[in-house]
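Since the structure comes first, as structure tokens, the remarks are kept for the end.
The values are calculated or read from the model by the stated rules, or taken from the named source; none is laboratory data. What you see is a predicted model; the values in this text were computed from it and never measured. Because the Cβ atoms are built from the backbone with ideal geometry, glycine has one as well, and the counts that use them run over all protein chains shown. Ligands, DNA and RNA are stripped out before the accessible areas are found, and what is left, the full protein with its side chains, is counted by its heavy atoms. Shrake-Rupley method; radii C 1.70, N 1.55, O 1.52, S 1.80 Å.
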Amino acid sequence: MSLDKRLGQRFLPYGANYLDWSDMRELREAIEQGVLFRYQTEGESVASRLERRVAERLGARHVLAVHNGTEALRLALISTRPRTGDLVHMPAVTFVAVAGAVLSSGLIPVLVDVDDSLSLDTTLLPEGTERVIVAHMEGTVAPLPHGVPYVVEDCAQALGAVFPDGRHAGTAGYAGTFSFHHNKVLTSGEGGLVATGDPAAWATMRCYHDHGSARVPGRYPTWNPDAHYGENFVTSEGVAAIQFQQFRHLDEVLAGLERHYAIATDALPDRTDLRVLPRATGDVKTSLRFRWESRELRDAAVASLTGRGIASWTLDKYLLPEHPVFTGRRSLYADGFPWSLAPDHPLLLSRDGFARTRDLLDRTLCVPLSPELCEQDHVLAVKALRQALEAV
Ligand SMILES: *Cc1c(COP(=O)(O)O)cnc(C)c1O
């Protein structure tokens, strides 16, 4: 595909670039063996191999594959054995799936304001907070709160990110969740993983995700006398095989993003009304994040980029206090569950009613970085970007 086409037409540019028939040996194997259910065989399934590989690479103790990142969040939350209606603090700026996972688990989301880097502002968390979801948005490693028993790291957009102390995002809290949706660092269309360092939590998650059973691979599930109900989040060998293939390219993807990022940050126009949001060494450089002096300039930049066929996106859609799911507090349950469990509880936590955050989002613009381009194309892409920004 020509550079122009690649820059302009791809909705979002990450792992889908590594889908390649000649590289699909795990999928071929699964199909040749005629087994797409992970617990069909006593031998090691592709799903188990994937979990083992991811655990090794990220330094996680346990990993469980599920269908998507939202299920991974639900499993992490439910495994903490909450009471229905318990509060879960989460960032006010993230994908609405996080809120959906909380609500569908019978829990109540409290939207907490974010800091300048758009990460949850941990200083706002009240004393005694029990459950927090921290989201590492756009590959940016967010700080984790201290003294909270259950910190779930949402790494849907940050597979491969590393904290300043060297630990991988997703391994520093109670649990870490990952997504392989089309828009993420790697993709199998849909796909998810949950990681935890707590063996008891892992056992609980494994049981719940397979109908509450005490399954032995290769056998029909059995239920212990003290079994609780569960659901079916068991992944398919076909999806796990594609995730495995994708995962083989993780380091290549991360390196490609780093290279594009380095070339871009060196060559961007020097405008006093435009700032590039800094990225830490361990962040996954999925995008360049720009902050303009005004919303008008940001919108003019969107027009300038679009006119030149350069992809970009804004983060306005992530402002959850203004999302219909929150403003409407509707539910398919006739009694309004689970909103009905917290009729009077303030579900928003901000110093200024999210005014500063709204202003930050209004002025923010993201431009995707493309890991698969060669260095020469990175230089060309950055040149086109520079021209588009200079023209604003
Ligand atoms: C994509 C995403 C999710 C949901 O993951 P799915 O695999 O699509 O269910 C959750 N949180 C964040 C921050 C995401 O970007």
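Results for (1) in contact with a Gly (Cβ under 9 Å, 6 or more places away or on another chain); (2) without any contact (Cβ under 8 Å) to a residue 40 or more places away in the chain, shown as yes or no for each residue.
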position	(1), (2)
Y208	yes, no
G212	yes, yes
P217	yes, no
T222	no, yes
A227	yes, yes
E231	yes, yes
E237	no, no
I242	yes, no
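State yes or no: is P278 modelled with pLDDT under 95 and either among the hydrophobic types (A, V, I, L, M, F, W, C) or over 30 Å from R386 (Cβ atoms) (or both)?
no
Scan region 106-127 residue by residue and report those that are open to solvent by 40 Å² or more (accessible area, probe 1.4 Å) and either of a type in the set (G, A, S) or farther than 14 Å from P143 by Cα (or both).
Matches in region 106-127: S117, P126, E127.
Mind listing whichever residues of region 78-88 are within 16 Å of the ligand (Cβ to nearest atom) and crowded, with 24+ Cβ neighbours inside 10 Å?
V88
Answer yes or no as to whether A201 is open to solvent by less than 10 Å² (accessible area, probe 1.4 Å), part of a helix (DSSP H, G or I), in contact with a Gly (Cβ under 9 Å, 6 or more places away or on another chain) and of a type in the set (A, V, I, L, M).
no
With E71, E26 as the choices, which residue is within 15 Å of the ligand (Cβ to nearest atom) and under 23 Å from T187 (Cβ atoms)?
E71
Can you confirm whether region 177-184 contains a residue that is under 20 Å from A92 (Cα atoms), more than 10 Å from the ligand (Cβ to nearest atom) and either open to solvent by 10 Å² or more (accessible area, probe 1.4 Å) or among the hydroxyl-bearing types (S, T, Y) (or both)?
So far as region 177-184 goes, no, none of its residues is under 20 Å from A92 (Cα atoms), more than 10 Å from the ligand (Cβ to nearest atom) and either open to solvent by 10 Å² or more (accessible area, probe 1.4 Å) or among the hydroxyl-bearing types (S, T, Y) (or both).
On the basis of being polar (S, T, N, Q), at pLDDT 95 or above, out of contact with any helix residue (DSSP H, G or I) (no Cβ under 7 Å at 6 or more places or on another chain) and within 12 Å of the ligand (Cβ to nearest atom), does T123 make the cut?
Criteria not met by T123.
Inside region 216-233, can you point out the residues that are crowded, with 19+ Cβ neighbours inside 10 Å and either modelled with pLDDT under 95 or more than 16 Å from the ligand (Cβ to nearest atom) (or both)?
Hit for region 216-233 is G230, nothing else.
Return yes or no: is G59 over 30 Å from R28 (Cα atoms) and not polar (S, T, N, Q)?
Taking the combined requirement at face value, the residue does not satisfy it.
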